[in-house]
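Student: Got a structure here, written out as structure tokens. Questions coming.
The numbers here are math on the coordinates, done by the rules we state, and not lab data. Quick caveat, the model's predicted, so the values are computed rather than measured. Here the Cβ positions follow ideal geometry from the backbone for every residue, glycine too, while neighbour counts run over all protein chains shown.
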Amino acid sequence: MKKIQILTLFIVVLIHFSCKNKDKHNNKTSILTSTKENIDEMHDTNAKSNFGIVIHGGAGTILKKNMTDSLEIAYTQKLEEAIRVGHEILRNGGTAMEAVTKTINIMEDSPLFNAGKGAVFTHEKRNELDASVMDGKTLNAGAVSGVTHIKNPIDLAFLVMTQSEHVMLSGEGAEEFAQLKGFELVEPSYFYTEKRMQSLLKVQERERRKYQNDSGTNATLFANDPYSKDAKFGTVGCAALDKNGNLAAGTSTGGMTNKRWNRIGDAPIIGAGTYANNATCAVSSTGWGEYFIRAMVAHDISAMMEYKGVTLKEAAREVIQEKVPALGGDGGIVAIDKDGNVTMEFNTAGMYRAHMNAEGKLIVGIYGDE
Ligand code: ASP
């Protein structure tokens, strides 16, 4: 009797382990860290896919030597958590737009990124948030800029697209519209994080020193200030293709640290920070907004595909590696085309990014080709 019991136990344990191994085998998820060998895979995936999703959490001077292990893990895990939410929506037949907004919500709610909870401070120590979405099927779009009480600006941008006759609302008016639609407003203190406050104080100290050196005559902000290059990090964005062949993109940000005079960047500008068109691709940008507006980055990539017949990868490379730097700007994009090809192109040291294809293969990256 005892022998039979032991034998049964043995068989149960055997079945358990063989199932576990099978699961492991089926789960194609792989998290890549940046090495010379896999760098291409981390930038581009070309496999045809009937759905897919790609995200960024901002581009900039992100260097491994400045990163602690725990912070690296925190970013990697949050990127993975966010993209899995969108991927699950797409896997279950949800829309690209829903995947984009829900994925961005996760990053907006994290203090790690310069969007929602982790938004940077303005010159006046406020948090002014910008966001936009675009639907590739209808070419409908919605955007908000300079909102200060909206926990998830991407949701308000979606509401502007779906429930107003406008494309972009700003400041108090946007918040009045939000209230009218039953949107929950939060106190500005919700956006306070010590880390962002310290960044602001540092940038302002450098600005003061520069101002003194220029004897107060040449105190221009951003455009000529070499330090402002690093005054932005962590804008979030997402582009997705759903099972019905529809594309969508969205971008959400706190903008640039120490921004002033209600400065608005590229993130809420359709064609610059966000663009989606079922005929071509969906794109979300991150980087020095002034240049991304002037280069109309997201639309230019789509237009190059449409008018010149080039691939997504070729178009993104030309815009990010040639056109934007030629103007003096830096940053990157994530994009997916109508066939599921993905590009994560940037001209900065790093870009927080992740991609998941229909098979569930996951790629997470932070650094560039160092
Ligand atoms: N593009 C954003 C802006 O200029 C900042 C960023 O992406 O980091 O507002």
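Student: First select every other residue whose beta carbon is under 13 angstrom from the beta carbon of Ala239; then total the charges, Lys and Arg +1, Asp and Glu -1.
Tutor: Taking every other residue near Ala239 into account, the sum is -2.
Student: Taking the Cα-to-Cβ direction at Ser70 and at Ala279 and moving 7 Å from each Cα, how far apart do the two end points lie in nm?
Tutor: 5.2
Student: I need the peptides 298-311, 144-157, 348-361, 171-184 ranked by packing, meaning the mean over residues of other C-beta atoms within 10 angstrom, with the highest value on top.
Tutor: Top to bottom by mean Cβ count within 10 Å: 144-157, 348-361, 298-311, 171-184.
Student: Give me Leu90, Leu63 sorted ascending by neighbouring Cβ count inside 10 Å, so fewest comes first.
Tutor: Working: Leu90 24, Leu63 13.
So the residues, fewest neighbours to most, are Leu63, Leu90.
Student: Follow-up question, since we're still on this one. How compact and how long is the stretch 285-370, expressed as Rg and Dmax of its alpha-carbon atoms in Å?
Tutor: So, for the stretch 285-370, Rg and Dmax equal 12.9, 39 Å respectively.
Student: Let me ask something else. With each label point set 7 Å from Cα along the Cα-Cβ vector, what nm distance links Gln212 and Lys125?
Tutor: In this crude spin-label approximation the distance works out to 2.1 nm.
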